[in-house]
Amino acid sequence: MMVATLGIALPELRQSFSLSEVEAGSLFSIALIVAALSSTIAGRLADKFGPKTVLVTGLSLLALGFGGAGMSKFQLLFFLFLGLTGLGYGFTPPSLYALMANLLPNRRGLGASLVSVSYGIGGAIGAVLASRIIAALGWRAAFVTVGAIAAVDMLLQLYWIRNIRPTRLTAHSGSFTSALFFPLFILALAEFLGGSVFWSCAAWIPTLLRTAKALTLQETGWVMGVLSLANMIGSISLGSLSDKLGRKRVIMLSAFPAAAAAFAVFYWLNSAAAIALGIFVFGMLKASVPALVVALAQETAPPRSAGTASGIIMSLHYTSGVVAPLIAARLIIGTNDIILAMILVSSVPLALYGSLIGAVRERSRALPS
């Protein structure tokens, strides 16, 4: 909801603080950079003190940061509160993935996918809610409202979620370096590549549709809605399949067809209906990022290191969010061909992503009862 609200409010933010286009674009970069730096720390803290503690802390930081940003009158203070929001943004997903691993130890694929689906639902609700509040009361009211929702969410988690005792966690979780192992680095690199496709497509597909494919604004919005829906359906479907067939197999069997689907959509399809159908297939096939990579990393990690593994994977996911759209922009300028550029930042990374996943040895898992 916060990401969607920030995007919807960007024109009003530029006007309120007299921001240039570069400064406005840096608002997302600030939050993602802080999230990337804090995710690994958050994952380790979840192993040490319990994921509930980290989750409640992350939601508190989100509420304070986003609500404070909405009340800030000065540009510097606004940027500082946005950095605080990024800190909460980095704390929340690793603790959520660790909690899901504890709640559904034999269904980690489904549990991790539920986190991704909830993210998509929150983005959809946030966009609708923010647009209506901004139209009626202004961007500050939208920020404070979403901050208040985060505070209520924090109180619900504080009351409902049962935490594992910190003393037990501390006794059984090894040092941070013991949680680092070669397969985790391969998975982190794979996540960087897979995540780069997610962020590049989110940033540049609308421009491709409106320019190279000559779709109207309404048609572009419709196609992007189809992509969001496909991501959610694909995440649940691939997550459930991975619980039965194995993470590695499902990721590989979806990554390579996703690369082919991206090429077909961007190069061959032209009508709105055909693009929407192709985007739906593409979105479903690429939906293993980041949920199934997190689940695979948790199962590959040493005991009591699920939080650390989740944090490292999410850190690379956020890092790709900072870097990938910029690389795509440079390719678009350098090639002067947005179709070729989008193929290079989608099909090629997906093929490399599947290859890296194939290099990881998956531990045998007990079949779910």
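Residues in segment 104-124 that are modelled with pLDDT under 90 and of a type in the set (A, V, I, L, M, F, W, C): ALA124 only.
Residue pairs whose Cβ atoms lie under 8 Å apart, sitting 6 or more positions apart in sequence or on different chains, and linking a residue in segment 294-323 that is touching a residue at least 12 places away in the same chain (Cβ under 8 Å) and of a type in the set (D, E, K, R) to a partner that is part of a helix (DSSP H, G or I) and open to solvent by 20 Å² or more (accessible area, probe 1.4 Å), are GLU299/ARG108; ARG304/HIS172. Checked against the criterion of being within 20 Å of GLY147 (Cβ to Cβ), open to solvent by less than 40 Å² (accessible area, probe 1.4 Å), part of a helix (DSSP H, G or I) and of a type in the set (Ser, Thr, Tyr), the candidates THR57, THR5 yield just one match: THR5.
Evaluate the following for PHE256: is it surrounded by fewer than 21 Cβ atoms within 10 Å (Cβ to Cβ), closer than 15 Å to MET342 by Cβ and modelled with pLDDT of 95 or more? When the stated conditions are applied, PHE256 does not pass them. Contact map, segment 76-104: residues that are over 13 Å from VAL54 (Cβ atoms) paired with residues that are open to solvent by 40 Å² or more (accessible area, probe 1.4 Å) and of a type in the set (Gly, Ala, Ser), Cβ distance under 9 Å, separation 6+ or inter-chain. Pairs shown: PHE78/SER16. Going by the structure shown, is ILE279 in contact (Cβ under 8 Å) with a residue 40 or more places away in the chain, among the β-branched types (Val, Ile, Thr), open to solvent by 60 Å² or more (accessible area, probe 1.4 Å) and within 20 Å of ALA124 (Cα to Cα)? Here the answer is no, as ILE279 does not meet what is asked.
Would segment 20-41 turn up any residue that is assigned to a helix (DSSP H, G or I), more than 21 Å from GLY321 (Cα to Cα) and more than 22 Å from the chain's Cα centre (by Cα)? There is no residue in segment 20-41 that is assigned to a helix (DSSP H, G or I), more than 21 Å from GLY321 (Cα to Cα) and more than 22 Å from the chain's Cα centre (by Cα). Here GLY239, GLY246 are screened, and the one residue that is out of contact with any Phe, Trp or Tyr (no Cβ under 8 Å at 6 or more places or on another chain), on the phi > 0 side of the Ramachandran plot, open to solvent by less than 50 Å² (accessible area, probe 1.4 Å) and in contact (Cβ under 8 Å) with a residue 40 or more places away in the chain is GLY246.
The values are calculated or read from the model by the stated rules, or taken from the named source; none is laboratory data. Owing to the predicted nature of the structure, the values given are computational and were not obtained by experimental measurement. So basically every Cβ, Gly included, is an ideal-geometry build from the backbone, and we count neighbours across all protein chains shown. These area figures cover heavy atoms from the full protein model, side chains too; ligands, DNA and RNA do not enter into them. Shrake-Rupley method; radii C 1.70, N 1.55, O 1.52, S 1.80 Å.
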